[in-house]
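Data first, discussion second: the structure below is written as structure tokens.
The values are calculated or read from the model by the stated rules, or taken from the named source; none is laboratory data. Predicted model, so just to flag it, every value in this text is computed and none were measured. For neighbour counting, all protein chains shown are included, and Cβ atoms are generated from backbone atoms with ideal geometry for every residue, glycine included.
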Amino acid sequence: APTLLYILPVVIFGTPDAGPIFGGFLGALFLCAAFSAIGVFASSITKNQIIAFFTAFIICIVLTMIDQFLVFLPAQVVSVLSYISASAHFTSVSRGIIDTRDLLYFVSITVFFFYLTVVTQQNERR
């Protein structure tokens, strides 16, 4: 919320493009939701908070950095793994290009990891 205050001087002293500003906040919101779902899932599979943190951290880093390693992989794998990259989707949204594929990616990641959390908790109760 405090970052919204940074927009005020930019609007007063200049004419910013609203697309990247809105897209940046929207992308950050969706990325935060996805990473939070990953954190909740990691917390559900272990009782230790430190292990849960490192598990969530590793999953988030892999999703963020996977596009950096695509040059080393075969072309058949690149097309699949490039879609998994969170940074590629976030970059697109933060430029002001609001594409439903990018938003659907973040919603899918969020729902998928919340679903895994529910399944994990149900299996733990048995």
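Where in the range 28-126 are there helices (runs of 4 or more DSSP H), lying wholly inside it, with at least 2 residues that are of a type in the set (Gly, Ala, Ser)?
49-65, 75-84, 86-94
State whether one or more residues within the range 67-77 are among the aromatic types (Phe, Trp, Tyr), over 12 Å from the mean Cα position of the chain (by Cα) and at pLDDT below 95.
Keep residues of the range 67-77 that are among the aromatic types (Phe, Trp, Tyr), which gives 69, 72.
Now restrict to residues that are over 12 Å from the mean Cα position of the chain (by Cα): 69, 72.
With the extra rule that they be at pLDDT below 95, the set shrinks to 69, 72.
Checking the range 67-77: at least one residue is among the aromatic types (Phe, Trp, Tyr), over 12 Å from the mean Cα position of the chain (by Cα) and at pLDDT below 95.
Please verify whether PHE13 is of a type in the set (Phe, Trp, Tyr), farther than 20 Å from LEU103 by Cα and touching a residue at least 12 places away in the same chain (Cβ under 8 Å), treating the condition exactly as stated. Before the answer, list the steps.
Numbers: of a type in the set (Phe, Trp, Tyr): yes; farther than 20 Å from LEU103 by Cα: yes; touching a residue at least 12 places away in the same chain (Cβ under 8 Å): no.
No, not satisfied.
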### Summary
Residue hits (the range 49-73; in contact (Cβ under 8 Å) with a residue 12 or more places away in the chain and polar (S, T, N, Q)) are THR55, THR64
### Tally of residues being of a type in the set (A, V, I, L, M, F, W, C) and farther than 19 Å from THR91 by Cβ across the range 65-80
4
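Among THR110, THR46, which is the only one that is of a type in the set (S, T, N, Q), out of contact with any Leu (no Cβ under 8 Å at 6 or more places or on another chain) and more than 30 Å from ALA18 (Cα to Cα)?
Values: THR110 fails: more than 30 Å from ALA18 (Cα to Cα).
Answer to the check: THR46.
Report, by residue number, each residue of the range 21-46 that is over 17 Å from the mean Cα position of the chain (by Cα) and either farther than 23 Å from ILE109 by Cα or among the polar types (S, T, N, Q) (or both). Steps first, answer last, please.
Within the range 21-46, the subset over 17 Å from the mean Cα position of the chain (by Cα) is 21, 43-46.
Within the range 21-46, ILE21, SER43, SER44, THR46 qualify.
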### Task
Exactly one condition in (1) part of a helix (DSSP H, G or I); (2) free of Cβ contacts under 8 Å to residues at least 24 places away in the same chain; (3) of a type outside the set (Phe, Trp, Tyr) is not met by GLY19; state its number.
(2)
